[in-house]
Amino acid sequence: MTRTQGRRPLEGITVVTLEHAVAAPFATRQLADMGARVIKIERPGAGDFARAYDRRVRGEASYFVWINRSKESITLDVKQPEARQVLAKLLGQADVLVQNLAPGAAARLGLSEEALRPAHKRLIVCDISGYGSAGPFRDKKAYDLLIQAEAGLLSVTGSPEEMARAGISVADIAAGMYAYSAVLAALIQRGITGEGSHIDVSMLECLAEWMGNPLYYGFEGQPQAARAGASHPSIYPYGPFTAGDGKTVLFGLQNEREWKAFCEQVLAHPELATDERFDANAKRSAHRVELKQLIESLLQPLTAAQCIERLDAAHIGNASVNDIADVWAHPQLRARERWREVRSPVGPIPALKPPADNDRFAPRMDPVPALGEHTDAILQALGYGPEDIARLRASQIL
């Protein structure tokens, strides 16, 4: 794709964020990708606690380097009154405030939408929490796995014998993406009305939305879909199968036309297409144990690579079951030049370009900040001199 080096859509937008862990940092990194200036306020000494989750990226934390590039880091103890004066100056120049502090913490700091609105008519305030700003669960702590449980995801994920956590922080990511899109919509709205707005993002509500299919599948008390491991709970065959060389191939059939092609061109047993046990998806799903044994017995003469060749020839959707090393080396990501290098406190590291290419601009991919790396520069821009900064630092405000 030919891409001009045009102005990024959020250049000129300033985001101030009191964030930690995943949900809010994921949202604000998307804003930074689109050109926004993101000022990340961190606790002196420790910073965002996600910095200490692990040391897997040459001593830096894997979560942190993933979702904090292109941001500026300032250390500020916002519990101290003089620090809140600094924060007020930052908000006076900001377009967006994002926070995912503990329940009630932002209000105690005077950062609720109600407290900010009189002095900041154009400010967009985005609060991200586990359960939202009202309701009986408002003050409960919320971590990703806890929300997976509350939203019912654990009831449909895993094997029949044991539930399983989704392998990524899916509740945090869902909340981050809804916050990102809501901020974009609020910026458009402000362009029309001239006024800011308040966004209340609940992790539970975000993940409950993503649970739409299982919810309606179990509509009005009908039995919910059973946990089916890596197979689809209601479409079959759709999942992993073992080839003759012991390797796993994953494929899925969506309709009767594909079932017919699969029987004829992959299994080489066209009579199975009209077998009364398997001639409709509901029947195949009901007889999945029997059908899985039959399919794998017919795949025994084939290697996984030969299975994939047949599946491709029959236009049946299929995939390799990759591990993490395979994804790092994925030929499609390399062919589409999705990897870039970004700077970090431990040197250049690879980073994926943001999805959804736009031919009018290149996404921003600036360094991952060290803790407090931009403190002095940000304060100087606010009018603080070297002596002021030294005094704030000596008072442990920075």
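Where a number appears in this text, it was derived from the coordinates with a stated rule and is not lab data. Here the structure is a predicted model, which means the values were calculated and not measured. Please note: Cβ atoms are built from the backbone with ideal geometry, for glycine as well, and neighbour counts cover all protein chains shown.
How would you rank Asp127, Asp376, going from fewest to most other Cβ atoms within 10 Å of each one's own Cβ?
Fewest-to-most ranking of Asp127, Asp376: Asp376, Asp127.
Which GluC sites (Glu not before Pro) in the stretch 177-252 sit in a loop by DSSP (not H, G, I, E or B) and have at most 14 other Cβ atoms within 10 Å of their own Cβ?
Listed in order of number, the matching sites are Glu195.
Counting only DSSP beta bridges with both residues in the stretch 238-321, tell me the antiparallel percent, nearest 5.
100
Among (i) 74, 49, 41; (ii) 82, 51, 42; (iii) 84, 47, 41, which one is Cα extents along the principal axes in Å computed from these coordinates?
Label of the calculated value: (iii).
So which GluC sites (Glu not before Pro) in the stretch 246-337 end up in coil per DSSP with only 15 or fewer other C-beta atoms within 10 Å?
Passing sites in the stretch 246-337 are Glu276, Glu337.
Which loop-located trypsin sites (Lys or Arg not before Pro) does the stretch 293-338 contain, where loop means any DSSP state but H, G, I, E or B and the Cβ has at most 15 other Cβ atoms within 10 Å?
The qualifying sites are Arg336.
Rounded to the nearest 0.05, what FRET efficiency is calculated for Arg340 and Arg391 with R0 set to 45 Å and r the Cβ-Cβ distance?
0.65
GNM on the chain, C-alpha springs below 10 Å: top fluctuator among Asp275, Asp54, Asp144?
In the Gaussian network model the winner is Asp275.
Extension gain Glu209-Asp312, at 0.36 nm per residue separation less the Cα-Cα distance, in nm?
So the extension gain works out to 33.7 nm.
Where does each of Arg227, Arg55, Arg165 land when they are ranked from fewest to most other beta-carbon atoms within 10 angstrom?
Going from sparsest to densest Cβ surroundings: Arg55, Arg165, Arg227.
Could you tell me which helices of the chain pass both thresholds, a Cα extent of 27 Å or more along their own axis and a mean Kyte-Doolittle hydropathy of at least -0.5, with helices taken as whole DSSP H runs?
Sorted by number, the helices that extend far enough and score high enough are 170-193.
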